[in-house]
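Heads up, the thing below is written out as structure tokens.
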Amino acid sequence: MAKKIETQGLEYLYNNTELYAIIVRDSYRNSSISFFTPADFSQQLGYLPHRRGAVIEPHEHKINTRIVNFTQEVLVIKEGRVKVNFYDNNRLYVFSEELDRGDVILLCGGGHGFEILEESVMIEIKQGPFNGPDDKEKFGDSRTEDTAERPADSGEEVFT
């Protein structure tokens, strides 16, 4: 696992070269509009600060046919603390990351599961339409006692 910190509060999590998640911590601040995702991602994640009195012109989004092969989802941690466990494409545990109140995460690669560390409320945003039981495939947790007890930042490579 590698964690790339672009700036304070903005983290990109990779397994090898595959981007698994983008985390925007509650502490992230920027004075200008910034999008964190590549243009070809089917889910776009941005930060849009506006000063009092600013006006966003009325608009509507054009009809565009898009093909979504992989569901990406965004979670907003409204309350509490949550641990996200990440799994590779072979369904093997690779790393964990903790999220706190106000953090936002885009899940965009590999598999994932959650442990609720405190009473929590999450808001989930993902593409539709929902395909019922065909929308996701659940699998068992591959962690051993050794990896299950490993702290969230163990073994990670951090670069800025």
Here, chymotrypsin sites (Phe, Trp or Tyr not before Pro) of the range 24-79 satisfying both criteria (DSSP loop; at most 10 other Cβ within 10 Å) are F70
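Based on DSSP loop calls and a cut-off of at most 16 other Cβ atoms within 10 Å, the longest stretch of the chain free of exposed GluC sites (Glu not before Pro) is what? Display every interim value, and only then the final one.
Numbers: sites that count: E60, E118, E119, E137, E149, E156.
That would be 1-59.
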Within the range 70-104, find all residues whose amide N lies under 19 Å from a label point positioned 7 Å from the Cα of A2 along Cα-to-beta-carbon. 86-89, 94-97
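Is there a quick way to get the dipole size of the chain? I mean about its Cα centre, with the Cβ of Lys and Arg at +1 and of Asp and Glu at -1; what is the value in debye to the nearest 20? Could you put the intermediate results ahead of the total?
Working: 18 positive and 28 negative charges, 136 e Å.
The dipole magnitude comes to about 660 debye.
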Residue with peak Gaussian network fluctuation, the chain [Cα springs, cutoff 10 Å], from I105, I56, I22: I56
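Taking the square root of 5 times each eigenvalue of the Cα gyration tensor, what semi-axes in Å does the equivalent ellipsoid of the range 1-86 have, largest first?
25, 20, 13
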Could you state the principal axis extents of the C-alpha atoms in the range 59-109, from the largest down, to the nearest angstrom? 38, 32, 9
Using 0.36 nm per residue of separation minus the Cα-Cα distance, give me the extension gain between S34 and Y47 in nm, one decimal. 4.2 nm
The chain -> Rg/Rh from Cα coords, Kirkwood Rh, value 0.98
Most fluctuating of R91, R101, R66 in the GNM of the chain (C-alpha, under 10 Å) is R66
For a Förster distance of 30 Å, can you work out the FRET efficiency between the beta-carbons of K78 and E57, rounded to the nearest 0.05? 0.55
Structure shown: which of K3/K83; K4/K62; K62/K136; K3/K78; K4/K138; K62/K138 lie over 26 Å apart, alpha-carbon to alpha-carbon? K4/K62; K62/K136; K4/K138; K62/K138
Could you give the nm distance between label points at R66 and E115, where each point is 7 Å from its Cα heading toward the beta carbon? 3.4
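Give me the number: length gained by fully extending N89 to D141, i.e. 0.36 nm times residue separation minus the C-alpha to C-alpha distance, one decimal in nm.
Working: separation 52, 0.36 × 52 = 18.72 nm, distance 1.32 nm.
Once the chain is fully extended between N89 and D141, it gains 17.4 nm.
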With the charge dipole of the chain built from beta-carbon charges (+1 for Lys and Arg, -1 for Asp and Glu) about the Cα centre, the Cα from T37, I23, H112 projecting farthest to the positive end belongs to T37
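Every number in this text was worked out from the coordinates using simple rules, so none of it is lab data. Given the structure is predicted, the values throughout are model-derived calculations rather than measurements. Cβ coordinates were reconstructed from backbone atoms using ideal geometry, including for glycine residues, and neighbour counts include every protein chain displayed.
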